[in-house]
1. If you rank ILE265, ILE68, ILE56 by fewest surrounding Cβ atoms within 10 Å, what's the result?
2. Which of rounded, prolate or oblate describes segment 212-282 when judged by the alpha-carbon gyration tensor and an a/c cut-off of 1.5?
3. Along the charge dipole of segment 131-282, which of PHE203, SER218, ILE265 sits closest to the positive end, that is, farthest toward it, with unit charges on the beta carbon of Lys, Arg, Asp and Glu (+1, +1, -1, -1)?
4. Place the peptides 198-211, 244-257, 119-132 in order of packing, highest mean first, counting for every residue the other Cβ atoms within 10 Å and averaging per peptide.
5. Report the Rg/Rh value for segment 150-282, based on alpha-carbon coordinates and the Kirkwood definition of Rh.
6. Mind giving me the FRET efficiency for THR239 and SER282? R0 is 35 Å, r the Cβ-Cβ distance, nearest 0.05 is fine.
7. Using the structure shown, select from LYS57/LYS85; LYS123/LYS162; LYS215/LYS279 the pairs with a Cα to Cα distance greater than 29 angstrom.
8. Quick check: net charge around TYR107, other residues with Cβ under 12 Å of its Cβ, Lys/Arg +1 and Asp/Glu -1?
Amino acid sequence: MFSNFLNQVSKRIYLKHFIDKHIQVMVMTNAHLNPTDHSISLHVESEHGGKYAPFIKSIIYGGVDGVITTFAIITASYAADLSIKTILILGLSNVLADGFSMGFGDYASSFSEREHYLSERKKEVHEYDYNISNEIIELIDMYVEKGMNVQDANEIVYLLSKPENKEIFISHMMMMEFNLCEPDSNHEIMKHAVSTVMSFYIFGFVPLFTYIFAKMVSFQNKHFIFVYTCIVSGFVLFTIGAFSAYISKRSLLKGGLITFTNGSIASATAYLIGYSLNKILS
């Protein structure tokens, strides 16, 4: 182990002059590039969804779950031959309670991930401050294990291990060693949770709109109401799936059908359970 350390150190000394020269060439060659150039902002906006991209996952997740869970309850209730009033009570209760539960769960899980990351990062900071040589060797070994040649690994780690790159080095070690990316701030976590809740509420009410309207106008044809709800819910699920595919640059048809199929299977299962329990308990 000690001989290996000496070998790594000697390579670092040998490469130091070369790397410094290499950096100078890179700086001179790319002096015209400006990291704050407007083209980078345009790239982020066009290719990665812009500033709203981080919330798209929460919106889609909340929306899909809102439609499916509410429609599944409606389907099971319809199969059990429950009244429109009862279906509305169960559906509205589900939307309001489950929406809050999803948002809280989203916040709690993300907060726990953040706490775990900060705990591990604190250990890495201590290792960097008091045992940097082992951290350097460890990172070089990880690069080599992934197929990089030793010289390239030494170059990269040398650059990362400079004092001015301490935060970058630690973040990189967190990713390489623990597969942990820097989490969102508490403020961002809260915004994700709110996005999930609001999306669940908005889309979760979609299957109930027909029943709410039917109750308001005293329309009592349960079969027509259910069929219309199936059509509307299926269309919304397909649209959410297609939108998700559009964001990730996949096939719109495939994305829509996957989400639609997911909802169909869940609803069919709920229908069979509702119908069976109604027969058994009658």
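Each value in this text was obtained by applying a stated rule to the coordinates, not by laboratory testing. Just so it is clear, the model here is predicted, and its values are computed rather than measured. As a convention, Cβ positions derive from the backbone with ideal geometry for all residues, glycine included, and neighbour counts pool all protein chains shown.
1. Listing ILE265, ILE68, ILE56 from fewest to most nearby Cβ atoms yields ILE265, ILE56, ILE68.
2. In terms of gyration-tensor shape, oblate.
3. After comparing all options, I get SER218.
4. 198-211, 244-257, 119-132
5. For segment 150-282, the value is 1.25.
6. So, using R0 = 35 Å, E works out to roughly 0.40.
7. In this structure, LYS57/LYS85 exceed 29 Å between Cα atoms.
8. Summing Lys and Arg as +1 and Asp and Glu as -1 gives -2.
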